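Note sheet for the following structure.
The values are calculated or read from the model by the stated rules, or taken from the named source; none is laboratory data. Since this is a predicted model, take the numbers as computed values, not measurements. Cβ placement follows ideal geometry from the backbone for every residue including glycine, while neighbour counts extend to all protein chains displayed. Please note that ligands, DNA and RNA were not included when accessible areas were found on the heavy atoms of the full protein model with its side chains. Shrake-Rupley method; radii C 1.70, N 1.55, O 1.52, S 1.80 Å.
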Amino acid sequence: MRMKSLLRLLMAPLVWFLQACSPLGKPVDLALSDNFYYNKSETDIIYSSMGNWFELGKSPLNADPESFIVLNDHLGKDKNQAYYREHAITDPALDLESFRASNEDWMWHIGMDDHRVYAFSHDVINGEWQLITKIVETADPATFQQYDLYWSKDAQRHFYNHEAISVDYATFEIINDTFAKDKGQIYLHYQGRFEAIAGDAEHFVKMDRYHARDSSHVFFFLTYLRGEQQETLKQVLFQDASTLRIVEESYLFADDAVYYRGTPLLQANAEQMVILSETYAKDDQRVYYQDIEVEGADAATFDFDDKQFVYRDKRHRYRDGKVWHKDEGTENASSEMMDLSDE
């Protein structure tokens, strides 16, 4: 209790200073947003993320405080214009009188008027934060819903990254982080990319966040491998669905083979395979780092040393699938390395 009282005493001058210097007045509508505030004299509106002006900054809007209303966490308007975060929305297509927004999840950047749906964002352009306005073409403002980072829909269409997609509306479903389907087609989706791919849509089901399968193939969209961008669709043919299993979201067992992110581990013995981590595996004869064999590694003694926080066998330590010599300086090497002269 004494320590808590002492901390309060020590912090009191700082709290007083911040309050005294704060440019923020009362929040405009705290039930809808903790980002919009009157200034101290109530002659303007200030956008300040969570009211943390000291660390996250503040931006006067030059708005009309008497007519300003909060629409949701990041959108507001006055009698003259609408605002997204600290930016005035100047799109001439926008109908200010009917402009509105929802406070539901994922809708913080979506505005609507009686004619259109707008998706707002901001980014640093030419060294300054600037507003980006995108009209969601063909979207119905009365029924539009954004329900995920990339996904939205209205009463008649589905949208991916705010673009209408040609799918069967009633049967369309998102399978996992990279695949979707409708009654007759499988789709690949990834960071704005959306395309139809071949497969048996009727039997296409989720396996985990990244893998899905139909009646004869497991699908995996490889994005990165050993630090390099790939963006390659992998399909693994299988005969016996009962043999399918996934470990660490990266290793697929299918029939008598093992795959790392869709790439086969050559000469691997599936019956003897032990998955050590997201990146290391071994069978009775070989050690694998991701999809490649670790040359010279002793499978019998290869394991993770939780005292030194490194993989090792009876002869060497390993990092990124290669022998790690103690004269190779790396971050935290002094705490991870030991002398092997006694082995």
With point charges of +1 on the Cβ of Lys and Arg and -1 on the Cβ of Asp and Glu, referenced to the Cα centre of the chain, which listed residue (190, 96, 146) lies farthest in the positive direction of the dipole?
96
Per residue, what accessible area does region 50-137 have, given a 1.4 Å probe and all protein chains present, in Å²?
55 Å²
Inter-part gap, Cα centre of region 213-272 to Cα centre of region 61-124, in whole angstrom, is 46 Å
Region 33-94: Rg to Rh, with Rh as the Kirkwood radius over Cα pairs
0.95
With +1 on the Cβ of every Lys and Arg and -1 on the Cβ of every Asp and Glu, and nothing else charged, how large is the dipole of the chain about its Cα centre, in debye rounded to the nearest 20?
940 debye
If Lys and Arg each add +1 and Asp and Glu each add -1, what is the summed charge of the other residues whose beta carbon sits under 10 Å from the beta carbon of residue 67?
-1
Compare the Cα positions of 241, 294, 45 along the charge dipole of the chain (+1 at Cβ of Lys, Arg; -1 at Cβ of Asp, Glu; about the Cα centre) and return the one farthest towards the positive end.
45
At R0 = 51 Å, FRET efficiency that the Cβ-Cβ distance of residue 284 and residue 203 yields, to 0.05:
0.90
When the accessible area of region 109-185 is split by element with a 1.4 Å probe, what percent falls to carbon and sulfur?
44 percent
Answer in debye to the nearest 20: the dipole magnitude of region 35-142 about its Cα centre, from +1 Lys/Arg and -1 Asp/Glu charges placed on Cβ, is 200 debye
What percentages make up the Cα-Cα pair-distance distribution of region 94-176 when the bins are 5 Å wide from 0?
3, 14, 24, 23, 16, 11, 5, 2, 1
Lys and Arg at +1, Asp and Glu at -1: add these up for the other residues within a Cβ distance under 15 Å of residue 28 and post the number.
-3
Rounded to a whole number, what % of the accessible area of region 209-314 do carbon and sulfur atoms account for, probe 1.4 Å?
41 percent
Regarding the chain, what is the average projected area of its C-alpha convex hull, in nm²?
26.8 nm²
Go through 109-120, 128-139 and give me the packing order, highest mean Cβ count within 10 Å leading.
109-120, 128-139
Of the options 180, 108, 132, report the single residue whose Cα projects farthest towards the positive end of the charge dipole of region 82-198 (beta-carbon charges: Lys, Arg +1; Asp, Glu -1).
180
